[in-house]
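J.: Below: one structure in structure tokens.
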Amino acid sequence: MAKIVGVTLSDRVVAGLVVDHKLPGSLVFFPEAQDDEYALVEMPSEAIVETMAEQVLAAAGKEREIAAIGIGVPGLVRNGVVEEAPNLPQLKGARMAEMLEARLRGEGIEAPVRIINDADGFAAGIAASIGKLDTVIRVWTLGIGIGYGRYPLTDGVWEGGHTVITLDEKENYCGCGGRGHMEGIMGHRAMRLRFLDMEPEEIFEAAKNGDTRCHDFKRLWHKALAGATATSIHLRGPGRFFLAGFNVRFVDMPMLKDYLQQMVKMSPLQSYSIEIIQDDQETRIIGAAVSAEQTAC
Ligand SMILES: [Zn+2]
């Protein structure tokens, strides 16, 4: 069985040895304490690569016959180069795959390093966890921003969270600065900018209690999710969609399905499903490994 190391890079570096789409051991973390969230932000890219190399070595243990290394990075990734990383801007343009391969070669690990978008890695992990590596999987992550991942891994850019879902000129809360974007309505950061006097959880609570402004926003939020999902269905066909991230707590499934039904009318496109799934480190690590395995072997 091929042994692969999966890695995710966000506010922490997490790594694990993956064998046959499972984790035989435990994950390793840097920094170990979860509250040290700025440890990576302040590092230059070379130091981040060094940290990743150390975590890969820790995950590999004594094993040197590693077939591939897959790294999930939040941002826009093409050909092993991070072209845009809003949370770790120092990685922009860094040739991380090459640097890490060279560093690991010095430790006796001759393995190709594949850098992938973390949301795509998560989609691959979901596919592996439900045993469906032969179907199309799409996932929306509803967090500070909105992530969009798809499996199988294909070349190209899938910035689904920036899908244009309204032509309203006042809709300009997206983190990227673009107008009318899904993230500008659904992202946690965007919601806080829109409702300066209320936290997102208070907005959805007030919507339940009949506050008109909040209820209107709740509908807009669900229309945005339905609209972006409908666009994805119209471009790539129906299939299984998953929702994850800390703001899935706001999802009103009947409302979402009702809007989606109004937006997707062609009958061959109606065989889609939407389900909420737990977002966990293990799935993301396995997904990064599965993606690396499929492109490297
Ligand atoms: Zn945007």
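J.: DSSP beta bridges in the chain, what fraction antiparallel, as a percent rounded to 5?
T.: If we restrict to bridges inside the chain, about 50 percent are antiparallel.
J.: Using the Cβ atoms and a cut-off under 11 Å, what net charge is assigned to the surroundings of Phe204, where Lys and Arg are +1 and Asp and Glu are -1? Kindly include the intermediate steps, with their values, before the conclusion.
T.: Values: positive: Lys208, Lys218, Arg249; negative: Glu199, Glu201, Glu202, Glu205, Asp211, Asp252.
Residues near Phe204 contribute -3 overall.
J.: For the chain, with only Lys/Arg (+1) and Asp/Glu (-1) charged at the beta-carbon, what is the dipole magnitude about the Cα centre, in debye rounded to 20? It would help to have the intermediate numbers written out before the result.
T.: On the way: 30 positive and 41 negative charges, 215 e Å.
Here the chain has a charge dipole of around 1040 debye.
J.: In addition: As an exercise, identify the GluC sites (Glu not before Pro) in region 194-243 lying in DSSP coil whose Cβ has no more than 15 other Cβ atoms within 10 Å. Display every interim value, and only then the final one.
T.: Details: sites: Glu201, Glu202, Glu205; in loops: none.
Answer in residue order: no site qualifies.
J.: I would also like to ask the following. For Met266 and Arg219, what is the calculated FRET efficiency with R₀ set at 30 Å and r taken between the beta-carbons, to the nearest 0.05?
T.: On the way: r = 24 Å, r/R0 = 0.80.
Plugging the Cβ-Cβ distance into 1/(1 + (r/R0)^6) gives 0.80.
J.: Something else: For Val251, what accessible surface area do you get with a 1.4 Å probe? Give it in Å², rounded to 10.
T.: Estimated to the nearest 10 Å², Val251 gives 30 Å².
J.: Got a sec? What order do Leu256, Leu235, Leu220 fall in by accessible area at 1.4 Å, biggest, i.e. largest, first?
T.: These residues rank, largest area first, as Leu235, Leu220, Leu256.
J.: Still on this structure: At 0.36 nm per residue, and after removing the present C-alpha to C-alpha distance, how many nm does the segment from Asp280 to Arg249 gain when stretched out fully?
T.: Values: separation 31, 0.36 × 31 = 11.16 nm, distance 1.56 nm.
Gain on stretching Asp280 to Arg249: 9.6 nm.
J.: Could you tell me the calculated FRET efficiency between Leu193 and Glu54, based on Cβ-Cβ distance and R0 = 51 angstrom, to the nearest 0.05?
T.: On the way: r = 38 Å, r/R0 = 0.74.
So, using R0 = 51 Å, E works out to roughly 0.85.
J.: Another question, then. Helices from the chain with mean Kyte-Doolittle at least -0.5 and a Cα length along the axis of 27 Å or more, per DSSP H: which? Please report the intermediate quantities before stating the final value.
T.: Numbers: long enough: 212-236 (36 Å, -0.41).
Answer set is 212-236.
J.: Near Val136, within a Cβ-to-Cβ distance under 11 Å, what is the net charge of the other residues, with Lys and Arg +1 and Asp and Glu -1? Don't skip to the end; give the middle numbers.
T.: Details: positive: Lys132, Arg138, Arg150, Arg236, Arg240; negative: Asp134.
Overall, the nearby charge balance is +4.
J.: Looking at region 58-94, which GluC sites (Glu not before Pro) are DSSP coil and have at most 14 other C-beta atoms within 10 Å of their C-beta?
T.: Passing both the DSSP loop test and the Cβ count: Glu63, Glu65.
J.: For the chain, please report how many Lys pairs fall under 26 Å Cα to Cα, leaving out neighbours fewer than 8 apart on the same chain.
T.: Lysine pairs satisfying the spacing and distance rule in the chain number 17.
J.: Where the centroid of each part is defined by its Cα atoms, how far is region 1-61 from region 80-97 in Å?
T.: Rounded to whole Å, the Cα centres lie 17 Å apart.
J.: On to the next question. Which residues make up the longest stretch of the chain that has no trypsin sites (Lys or Arg not before Pro) in a DSSP loop with at most 12 other Cβ atoms within 10 Å?
T.: Working: sites that count: Lys62, Lys170, Lys265.
The longest uninterrupted stretch comes out as 63-169.
J.: Same structure again: Work out how much length Arg105 to Asn87 would gain on full extension: take 0.36 nm times their residue separation and subtract the Cα-Cα distance, in nm to one decimal. Working shown, then result.
T.: Values: separation 18, 0.36 × 18 = 6.48 nm, distance 2.85 nm.
Stretched fully, the Arg105-Asn87 segment lengthens by 3.6 nm.
J.: Distance from a point 7 Å along Cα→Cβ of Ile130 to each backbone N in region 266-293: keep the residues under 14 Å and list them by number.
T.: Correct set: 271-279.
J.: Going by Cα centres, region 160-228 and region 243-277 are how many Å apart?
T.: 17
J.: For Tyr173, what charge total do you get from the other residues with a beta carbon under 12 Å from its beta carbon, if Lys and Arg give +1 and Asp and Glu give -1? Don't skip to the end; give the middle numbers.
T.: Values: positive: Lys170, Arg179, Arg189, Arg192, Arg194; negative: Asp168, Glu171, Glu183.
Here the count lands on +2.
J.: So if R0 is 45 Å, what FRET efficiency would Glu65 and Ala33 give, r being the distance between their Cβ atoms, rounded to the nearest 0.05? If you can, show how the numbers build up before the last one.
T.: On the way: r = 32 Å, r/R0 = 0.72.
Here the calculated transfer efficiency is 0.90.
J.: Of Met52, Met191, Met266, which has the largest mean-square fluctuation in a 10 Å C-alpha GNM of the chain?
T.: Met266
J.: Could I have the simple spin-label model distance between Lys22 and Asp168, label points 7 Å from Cα toward Cβ, reported in nm to one decimal?
T.: 4.9
The values are calculated or read from the model by the stated rules, or taken from the named source; none is laboratory data. Values in this document were obtained by computation on a predicted structure and should not be read as measured data. In this analysis, Cβ positions are derived from the backbone assuming ideal geometry, glycine residues included, and neighbour counts consider all displayed protein chains. Note: areas computed on protein heavy atoms with side chains; ligands, DNA, RNA excluded. Shrake-Rupley method; radii C 1.70, N 1.55, O 1.52, S 1.80 Å.
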